[in-house]
1. Can you give me the number of residues within region 8-18 that are open to solvent by 30 Å² or more (accessible area, probe 1.4 Å) and among the charged types (D, E, K, R)?
2. Pairs under 9 Å by beta carbon, first residue under 16 Å from ALA57 (Cα atoms) and loosely packed, with under 14 Cβ neighbours inside 10 Å in region 80-97, partner β-branched (Val, Ile, Thr) and at pLDDT 90 or above, six or more apart or different chains?
3. Applying the selection to region 58-79, what residues are of a type outside the set (Phe, Trp, Tyr) and modelled with pLDDT of 90 or more?
4. Output the qualifying pairs, or none if there are none: Cβ atoms under 7 angstrom, residues six or more apart or on different chains, first residue in region 13-34 and closer than 17 Å to ARG88 by Cα, second residue basic (Lys, Arg) and surrounded by 12 or more Cβ atoms within 10 Å (Cβ to Cβ).
5. Condition first: modelled with pLDDT of 90 or more and under 16 Å from SER110 (Cβ atoms). Can you find one or more residues in region 27-49 that meet it?
6. Return the residues of region 24-58 that are under 13 Å from the mean Cα position of the chain (by Cα), open to solvent by less than 30 Å² (accessible area, probe 1.4 Å) and not aliphatic (A, V, I, L, M); say none if nothing qualifies.
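The values are calculated or read from the model by the stated rules, or taken from the named source; none is laboratory data. Since the model is a prediction, treat every value here as computed from it, not as a measurement. A quick note on method: Cβ atoms are made from the backbone with ideal geometry, for glycine too, and the neighbour counts reach across all protein chains shown. Surface areas here come from the heavy atoms of the whole protein model, side chains and all, with no ligands, DNA or RNA. Shrake-Rupley method; radii C 1.70, N 1.55, O 1.52, S 1.80 Å.
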Amino acid sequence: MASEHWARLSQDKACGLRRGAWYRVVGAEQDSVVLAAGGGEIPVSRDVLEFMSSRPAMWSVVERNRGSISLQGRWGRRYAVCPSCRQRQSLTGRPRTLRREKCNDLFEVSWDKPFIVGNPGS
């Protein structure tokens, strides 16, 4: 059985993917990869992705985009993305582990490698 590969955005890029979320790689071309996302497949340029050779098992910490009005204001300047269901959740303090409110999965929080927002569209 072939091993699975996973990818997430390495920079703030509008391409239909949730910042901080990991997606399964389902295909590859020379300059792009195809990711399973939202019940479909999305081609994304390799140069805006980071890769992992196994399914991630840690929450991603995402610095909130200044222009993000769709997120709840009470979340503060950062939030977490579940490695299992890719849903966002608020962060209070600096927990070592976090349980997803809806899917009830418990994972460690990846404080050592947060998703930092750069310049949108860059």
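1. Qualifying residue count for the region: 2.
2. Pairs found: PRO95/VAL109; ARG96/VAL109; THR97/VAL109.
3. MET58, SER60, VAL61
4. Close Cβ pairs satisfying both conditions: ARG18/ARG86; GLY20/ARG8; ALA21/ARG8; ALA21/ARG86; TRP22/ARG8; TYR23/ARG8.
5. Checking region 27-49: not a single residue is modelled with pLDDT of 90 or more and under 16 Å from SER110 (Cβ atoms).
6. The one that is under 13 Å from the mean Cα position of the chain (by Cα), open to solvent by less than 30 Å² (accessible area, probe 1.4 Å) and not aliphatic (A, V, I, L, M): PRO56.
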